[in-house]
Amino acid sequence: MENCIFCKIINKEIPGDIVYEDEKVLAFKDINPQAPIHIIVIPKKHVKSVLEADGEMSAAIINAIQKIAKEQNIEETGFRVITNCGKDAGQTVEHLHFHILAGRTLGEKIV
Ligand code: AMP
Ligand code: ZN
């Protein structure tokens with residue numbers, strides 16, 4: 001989608017520090033990390049939020065998260081997965097994305 005920053009990363013129009021890619025999913029390091037490991041996981045198809053994700057897309061994302069957790073060596077230590085949806089949640093990029101946060105003991109709330 002035009003003017004979507006995450007679609008531009010998918011299309012290699014702007015650089016992304018990519019850590020995982022498959023047919024349906026891309027993952028890259030967050031540009032403003034909130035934890036030692038902060039990875040953004042997105043579907044390659046542009047949808048706005050979880051409200052628009054279907055079962056196939058959701059399964060592909062969960063499968064990618066499992067693989068990333070293994071590759072990043074955070075299966076044992078643990079991690080947090082967050083998705084913001086809409087204004088009150090503070091969603092700033094309107095392309096569905098999941099944050100993976102890890103690498104330190106996370107706070108009781110969000111990070
Ligand atoms: P959210 O507040 O859930 O919409 O999160 C958007 C996230 O995308 C923020 O954590 C940003 O730091 C991150 N972000 C924005 N632009 C980029 C970019 N070009 N590369 C990597 N991460 C980005
Ligand atoms: Zn997009």
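The values are calculated or read from the model by the stated rules, or taken from the named source; none is laboratory data. Small disclaimer: the values here were computed from a predicted structure and weren't measured. In this analysis, Cβ positions are derived from the backbone assuming ideal geometry, glycine residues included, and neighbour counts consider all displayed protein chains. Side chains are part of the model used for accessible areas, which takes the heavy atoms of the whole protein and leaves out ligands, DNA and RNA. Shrake-Rupley method; radii C 1.70, N 1.55, O 1.52, S 1.80 Å.
Values for this structure:
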item	result
Listed residues 25, 93, 42: farthest to the positive end of the dipole of the chain (Cβ charges)	93
Isolated Cys in the chain, by beta carbon distance under 4.7 Å	85
Charge dipole (debye, nearest 20) of the chain; +1 at Cβ of Lys and Arg, -1 at Cβ of Asp and Glu	180 debye
³J(HN,Hα), Karplus 6.51/-1.76/1.60, whole Hz, each residue of the stretch 96-102, x for Gly, Pro	2, 8, 10, 8, 9, 10, 6
GNM result for the chain, Cα springs below 10 Å: residue of 27, 59, 35 fluctuating most strongly	59
For the stretch 3-16, 3J(HN,Hα) per residue [Karplus equation, 6.51 cos²θ - 1.76 cosθ + 1.60, θ = phi - 60°, Hz, x = Gly/Pro]	6, 9, 5, 6, 4, 5, 5, 4, 7, 6, 7, 10, x, x
Karplus-derived HN-Hα couplings along the stretch 73-82 (A = 6.51, B = -1.76, C = 1.60, θ = phi - 60°), whole Hz, x at Gly and Pro	6, 10, 4, 7, 6, x, 6, 10, 10, 10
Reachable lysines, given that their alpha-carbon falls under 18 Å from the alpha-carbon of residue 87 and they are not under 8 places away in the same chain	48
Nearest-10 value in Å² for the accessible area of residue 17, using the 1.4 Å probe	90 Å²
Qualifying lysines (Cα of each under 17 Å from Cα of residue 29; at least 8 residues distant if same chain)	8, 12, 44, 67, 70
Directionally averaged shadow of the stretch 5-102, computed from the convex hull of its alpha-carbon atoms, nm²	6.0 nm²
